[in-house]
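Visitor: Sharing a structure here in structure tokens format.
Laboratory data are not the source of any read-out in this text; all were calculated from the coordinates shown. Just so it is clear, the model here is predicted, and its values are computed rather than measured. In this analysis, Cβ positions are derived from the backbone assuming ideal geometry, glycine residues included, and neighbour counts consider all displayed protein chains.
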Amino acid sequence: MERLVPVHNKTNVRILQIFFRDKFALWEIKGSCVDKIWKSFMEIIFESIHHIVTHKILRKNSDPE
């Protein structure tokens, strides 16, 4: 079984900062309802994890001890 996991320590921080600055500038405009703000915030975070954070594939060890 394979699993895709984020590798946060290898992420390009500069690109992530630029991404957040651009997205949060738009995020402020979206509205004042707490639910909308939270949903928008979570979308930004998940989008950054999906597109910017480096990932690696974990595989089950086919030759256990």
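Visitor: Under the rule of -39500 (n - 2.57) per DSSP H run of 4 or more residues, summed and divided by the residues of the chain, what mean residue ellipticity at 222 nm is obtained, to the nearest 500 deg cm²/dmol? Let's see the in-between values first.
Guide: Details: 2 runs with 33 residues, N = 65.
Using -39500 (n - 2.57) per qualifying helix, the result is -17000 deg cm²/dmol.
Visitor: Got a sec? Charge dipole of the chain, +1 on Cβ for Lys and Arg, -1 for Asp and Glu; which of HIS51, PHE41, ALA25 is way out at the positive end?
Guide: Of the options given, the answer is ALA25.
Visitor: Can you figure out the FRET efficiency of SER32 with ASN61, using R₀ = 35 Å and their beta-carbon distance, to the nearest 0.05? Mind showing how you got there, number by number?
Guide: Details: r = 51 Å, r/R0 = 1.45.
Taking R0 as 35 Å, the efficiency between SER32 and ASN61 is 0.10.
Visitor: Hey, rough spin-label estimate for ILE18 and MET1, points 7 angstrom out along Cα→Cβ, what's it come to in nanometres?
Guide: Result for the modelled spin labels: 3.9 nm.
Visitor: Over the chain, calculate the relative contact order: mean separation of alpha carbon pairs under 8 Å at least 6 apart, over the residue count, as a percent. Walk me through the numbers on the way to the answer.
Guide: Numbers: 47 pairs, mean separation 41.9, N = 65.
65 percent.
Visitor: Skipping prolines and chain starts, which residues have an amide H placed within reach, meaning under 5 Å, of the one on HIS55, given they are 5 or more residues away or on another chain?
Guide: Under 5 Å from the amide H of HIS55 lie the amide H atoms of VAL7, each far enough along the sequence or on another chain.
Visitor: While we're here: Which of rounded, prolate or oblate describes the chain when judged by the alpha-carbon gyration tensor and an a/c cut-off of 1.5? Don't skip to the end; give the middle numbers.
Guide: Numbers: a/c = 5.33, a/b = 2.21, b/c = 2.41.
Because a/c hits 1.5 or more and a/b fails to exceed b/c, the chain counts as oblate.
Visitor: Return one number: the angle in degrees, 0 to 90 and rounded to the nearest 10, between the long axis of the Cα atoms of helix 13-27 and the longest principal axis of the Cα atoms of the chain.
Guide: Tilt relative to the chain: about 40 degrees.
Visitor: Moving on. Would you mind checking the tilt of helix 34-51 against the longest principal axis of the Cα atoms of the chain, expressed as 0 to 90 degrees and rounded to 10?
Guide: 40 degrees
Visitor: Might you report the magnitude of the Cβ-based charge dipole of the stretch 2-58 about its Cα centre, with Lys and Arg at +1 and Asp and Glu at -1, to the nearest 20 debye? Please report the intermediate quantities before stating the final value.
Guide: Working: 9 positive and 6 negative charges, 33 e Å.
Dipole magnitude for the stretch 2-58 comes out near 160 debye.
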